[in-house]
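Trainee: Next up is a structure, given as structure tokens.
What follows draws every value from the coordinates through simple rules; no lab data is involved. Keep in mind it's a predicted model, so treat the numbers as computed, not measured. All Cβ positions, glycine included, derive from the backbone under ideal geometry; neighbour counts span all protein chains shown.
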Amino acid sequence: HLRPEQLDAFWMPFTANRQFKQAPRMLTRAEGMHFWTDDGRQILDGISGLWCCNAGHNRKPIVEAIQRQAATLDFAPPFQMAHPLAFELANRLVGIAPRPATPADPSLDHVFFCNSGSEAVDTALKIALAWQRVRGEGSRTRLIGRERGYHGVGFGGISVGGIVSNRKMFGTLLAGVDHLPHTHDLEHNAYSVGQPEWGAHLADELERIVTLHDASTIAAVIVEPVAGSTGVLIPPIGYLQRLRDITRKHGILLIFDEVICGFGRLGAAFGANRFGVVPDMITFAKGVTSGTVPMGGVLVSKQIHQDFMVGPPGAIELFHGYTYSAHPLACAAALATLDVYRDEALFERAASLEPVLARLAHGLKGRPHVIDVRNLGFVAAVELEPRAGQPGARAFDVFLRCFEQGVLVRTTGDTIAFSPALIASETDLERMITTVSDNLAKVD
Ligand code: PMP
């Protein structure tokens, strides 16, 4: 039991506890679909921890793999040495990455390992800038993100991120960053309904930016296939394909940030697989180890890798890497996690339960305060009308009530997100949605 002054030493600005000046909710144990609090309450986890524990909590094969690895090889210095699991894991990841559908599509054959989503994003942006120089296009320094994009908290990630509040206290950050418009539009956002003209229209904004600055100044575009933590924003049909076409036409790299979308969240290995669009790089983290040992990484195309390896005379070497790149514990955790995904066919399971989650989520339409419901794969969201003058407060009230009733969901602004582990039963899904539904009627 901690004294109040001990609670101050741990500085974690984002937590709801601090934001709303409440005592932290302490979790002490987890298993499967549940957390347990320090006062012994069982909480149904409707958000996979933080969009990451996709295989469920404390899965035995993953726990055992981590334990075995910790007792065998705790660390291998990545700048001097290697260890076999790093190669095994890289190959496994390449094996589930989207395959080129046309000869023009990149082949994602290489993996750069790091330790988080933020590091993965900064790594991908650095690779993009360095690659443009390697191939003699050093004037391509501009980066393009998207409004309401979230790409972590590294210098690159917040610069290309589209959340002003995450960025404004830090000054200039990266210069030469532009943002595409977000794809959230209450009239047009339903992926399943299909709005190809709207998708093309939104993506064509990239053409406008290219015209404005000239393609010869632009290095890369980064987007989440589905923007997760800013409210589960599903792109209209045709949007990502059109971004692919435009970037290819102008020699601009396309990066998918799949830190949330990867590892089954959209009912496929990656969002790229689900949407049938192959980018030049994919960033990943979270689900790669099902939230156990921190790990992130970037899937990189054959072309990019090759150009670094056999670049023109005088080509710059990519100077980038982390002490904990391909850490043995993370590799062991990831390999065991990929085994669980495969052996239990969890990506397929998420795809087959998508209609159930969709039906339950869309059942929230017409409930008090609800202005929109969105879903794709094993992620869904319900957006509430904000309470006048108190943005986010209504959704947070619902969140708190749900937590008190033993169900953890996530709020972002006035959107409540559902992102359960891929092992969730229909009963779990039902309880998660019903608890939110009941509480919608109880908040003002
Ligand atoms: N990119 C995306 C799309 C994310 O959702 C997140 C985290 N929610 C990140 C990057 C940053 O990941 P991390 O918190 O592991 O640094």
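Trainee: Tell me which trypsin sites (Lys or Arg not before Pro) from the range 377-439 have a DSSP coil assignment and no more than 16 other beta carbons within 10 Å of their own. Please list the in-between numbers first.
Mentor: Details: sites: Arg387, Arg394, Arg401, Arg410, Arg431; in loops: none.
Nothing satisfies the criteria.
Trainee: OK, next. Note down the relative contact order for the chain as a percent, whole number, built from C-alpha pairs under 8 angstrom at least six residues apart. It would help to have the intermediate numbers written out before the result.
Mentor: Working: 900 pairs, mean separation 94.8, N = 444.
Averaging sequence separation for qualifying contacts and normalising by length gives 21 percent for the chain.
Trainee: Counting Lys and Arg as +1 and Asp and Glu as -1, each charge on the Cβ, what is the dipole of the range 1-156 about the Cα centre in debye, to the nearest 20? Walk me through the numbers before you get to the answer.
Mentor: Details: 18 positive and 15 negative charges, 76 e Å.
Roughly 360 debye for the range 1-156.
Trainee: Then there is this: With unit charges on the beta carbons (Lys and Arg positive, Asp and Glu negative) and the dipole taken about the Cα centre of the chain, which residue among Ala86, Leu243, Ile423 sits farthest to the positive side?
Mentor: Toward the positive end, the furthest listed residue is Ala86.
Trainee: Taking the Cα centre of the chain as the origin, how large is its charge dipole in debye, to the nearest 20, when only Lys and Arg (+1) and Asp and Glu (-1) carry charge on their Cβ atoms?
Mentor: Working: 41 positive and 46 negative charges, 54 e Å.
Around 260 debye, computed over the chain.
Trainee: When DSSP assigns beta bridges and you keep just the ones with both residues in the range 226-363, what percent turn out antiparallel, to the nearest 5?
Mentor: Values: 5 of 8 bridges.
Taking every DSSP beta bridge with both residues in the range 226-363, the antiparallel ones total about 60 percent.
Trainee: For the range 69-343, max minus min Cα coordinate along each principal axis, in Å, sorted largest first?
Mentor: Per principal axis, max minus min of the Cα coordinates gives 54, 46, 45 Å.
Trainee: Just to be sure I understand the rule: take each whole DSSP H helix in the chain, project its Cα atoms onto its long axis, keep it if the span is 20 Å or more and its mean Kyte-Doolittle hydropathy is at least 0.0. Which ones pass?
Mentor: Numbers: long enough: 117-134 (25 Å, 0.33); 328-343 (22 Å, 0.75); 346-362 (23 Å, 0.46); 426-440 (21 Å, -0.45).
Within the chain the helices that satisfy the rule are 117-134, 328-343, 346-362.
Trainee: A follow-up question, please. Please report, for the Cα atoms of the range 385-439, the Rg to one decimal and the Dmax as a whole number; what are they, in angstrom?
Mentor: Here Rg and the maximum Cα pair distance are 11.7, 39 Å.
Trainee: Run down the lysines and flag those whose C-alpha is under 30 Å from the C-alpha of Lys442, throwing out any fewer than 8 positions away in its chain.
Mentor: Partners found: Lys21, Lys365.
Trainee: Still on this structure, I have one more. Based on DSSP, what percent of beta bridges with both residues in the chain are antiparallel, to the nearest 5?
Mentor: On the way: 33 of 49 bridges.
Bridges in the chain that DSSP calls antiparallel: roughly 65 percent.
Trainee: Please identify every one of the chymotrypsin sites (Phe, Trp or Tyr not before Pro) in the range 318-369 that sits in a loop by DSSP and has no more than 13 other beta carbons within 10 Å of its own beta carbon. Mind showing how you got there, number by number?
Mentor: On the way: sites: Phe319, Tyr322, Tyr324, Tyr341, Phe347; in loops: Phe319, Tyr322, Tyr324.
Answer in residue order: Phe319.
Trainee: Right, here's the next one. Which residues in the range 45-65 place their backbone N less than 17 Å from a point set 7 Å from the Cα of Thr37 along the Cα-to-Cβ direction?
Mentor: From the range 45-65, the list is 45-47, 49.
Trainee: Give the order of Glu137, Glu119, Glu385 when sorted by the count of other beta carbons within 10 angstrom, beginning with the fewest. Walk me through the intermediate numbers first.
Mentor: On the way: Glu137 16, Glu119 26, Glu385 12.
In order of increasing Cβ crowding within 10 Å: Glu385, Glu137, Glu119.
Trainee: Of the beta bridges DSSP finds with both residues in the range 130-241, what % are antiparallel, to the nearest 5? Don't skip to the answer; put the middle values down first.
Mentor: Details: 1 of 8 bridges.
Here the antiparallel bridges make up roughly 10 percent for the range 130-241.
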